[in-house]
Every structure is written in structure tokens, then in C-alpha cells.
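*Asks:* Take a look at the following structure, please.
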Amino acid sequence: MQVRLLASGLFAAGLLTFAPAVQARELTLNVTFSASGSLTVTLPDGTPVGTASGSPTVIPAGYYAVVLSGPGGCAYLPLFDLRGPGVSILSDMVGGEVDTYVYDEYFMPSSTYTWRNDRNPGVAYSFVTSNAIGGTAPAPATHGITGKSTTVSSQDLVGSASAPFRGTLTGVVSAGGRLTIAYKGKSADRLKAGRYTINITDRSSSSGFLLAKSKRIREITGSTFVGKRSTPVTLTAGRWLAMPAAGKTPYTIVVS
């Protein structure tokens, strides 16, 4: 997504399962992609979120399910870019391969957030949060995502302040879609559990960088993204997979 998803490979590896619909949340942002290249961000009642000029939209601070919905079917979708304090989403619905993709995010009080459509990068839509905090924190287990290829995103991959910081991971996606990842100049096939900063250089316009463990999948860069991206991740003990695109062999990282 960001990261074309391994529909067949991940099912074979047991990483993807069909699950119930998104669990109830008090607060939801709906992001709707169209095959024509347009993007809309709304509250559940249809109120638009984000203004390109004038006074920004005001929404409650707190815990949100950011629900991305698209036509599926490997449509060529725009890249949705949402940024602000504690939130960084960059996604094209896994190259258009999924119908729905959900991020659990916490929007801080009295803060400004901005979203863009990469088809029109010069236009920024801004909204602000109020002092009031609403919503409930997501459960530790991931919630279900529906679609032709089911994927799951979880804050477990974003970071935890309680885990020790281990350093920086360097990942590269070549123009041909080959993925490499290193730690302190060596192959990152075995790592200690903890927090890392992962720096990705993505030179491919058709592949991305996916990071997955069990049923949790996070898109670091998407299939249409080309450039550099840095983001925090927390790696817990177990077997992790880094993947460039559908049909590509995943890179295995054993974390202890």
C-alpha cells in the first residue's frame, strides 16, 4: 500500500483471514476513493472534513477509526496523504486491490491536520480538533477489514513508548521491485524486540513496502509511491514479513 498485496501468498501464509465488519467506534472518519481519481473525507453523517481555504473544519479530538473505502479490483487510485501530530497515513488502498482498509488513529486535542490527494498535491485540506476528547481506545486485537483481499492495520506496528529504542532500519525497494532491509549495515534477518525508526527509499512505481506480522499488516509505502519515507515501528517477538508487492517473495525477519 502504499504496499500490491499478496492476496494468494498471504492467504497461504495464514496472514489474511476474513473477519467481521469494523468494530463499533464512537468516532469515525470515512475516506472514499473513486476510480476517477477523486477523494472525499467525511464524518459518518456525510459532513465534509477538511477545507482548502477559509476556516478549517472542527472535529472532536480522540480515538478514530479512519475507514478507507474504494472500488477494489486493482483500480488505479490516488494516494491519500493525511498528516498531523501523531498521525501519518499514506495509502492508495494497496494499489486498489482492497475494498476497505482501516487505520486506528488518535487525533490530539487542539491540533491541526492536513490531507491531500496526490493527483492534486498543491491543494491541502485542513481540519482542527477541539479540546474535547471522544472515542475509545481500540482493543489490542486487530479488527476485521472487508474486501476482495482482506487486510488489517493496527497501531501495534506504529510504536509503543514503553518498548526500548533499538535504532534505525534501512529499507530499499529497487526500481524492479526488489526489497532489501538492513540494520547497522547488516541484513536485518534477526532483530531484538523494541522500537525502531525505519527509513525507506522506494524507487519502484509499481511495488511498495509492507510490514506484516500474523494478521497485522502495515503499508509503509504504496505501489505508486516513489521517494523516501521515515516512520516509527515497534517490532514484537515473533516472525515478521517485509513484502514489496503481490507475487514477490517476502523478506523474513525473526524478532526475539
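*Asks:* Would you mind calculating the relative contact order of the stretch 157-245 from Cα pairs under 8 angstrom and at least 6 residues apart, reporting the percent as a whole number?
*Replies:* 33 percent
*Asks:* Convert each backbone phi in the stretch 115-128 into a coupling constant with the Karplus relation 6.51 cos²θ - 1.76 cosθ + 1.60 (shift: θ = phi - 60°), then list the ³J(HN,Hα) values in order as whole Hz, x for Gly and Pro.
*Replies:* Couplings: 10, 9, 10, 5, 6, 9, x, x, 9, 10, 9, 10, 9, 10 Hz.
*Asks:* If you don't mind, another one. Kindly rank 234-240, 167-173, 185-191 from highest to lowest mean number of other beta carbons found within 10 Å of each residue.
*Replies:* Sorting 234-240, 167-173, 185-191 by mean packing, highest first, produces 167-173, 234-240, 185-191.
*Asks:* Additional query: Mind pulling up the Rg/Rh value for the stretch 157-245? Radius of gyration and Kirkwood radius, both on Cα.
*Replies:* 0.95
*Asks:* What nm distance separates the two modelled labels at Ile133 and Thr47, each placed 7 Å from Cα along Cα→Cβ?
*Replies:* 2.1 nm
*Asks:* May I ask you to derive the FRET efficiency for Ser187 and Arg83 from their Cβ-Cβ distance with R0 = 45 Å, giving the value to the nearest 0.05?
*Replies:* Rounded to the nearest 0.05, the efficiency is 0.90.
*Asks:* Using θ = phi - 60° and the Karplus form 6.51 cos²θ - 1.76 cosθ + 1.60, what ³J(HN,Hα) does each residue of the stretch 102-110 get, whole Hz, x for Gly and Pro?
*Replies:* Values per residue, Gly and Pro as x: 10, 10, 8, 9, 10, 9, 6, x, 6 Hz.
FYI, it's all coordinate maths here, none of it is from the lab. These numbers were taken from a predicted model, which means no experiment stands behind them. In this analysis, Cβ positions are derived from the backbone assuming ideal geometry, glycine residues included, and neighbour counts consider all displayed protein chains.
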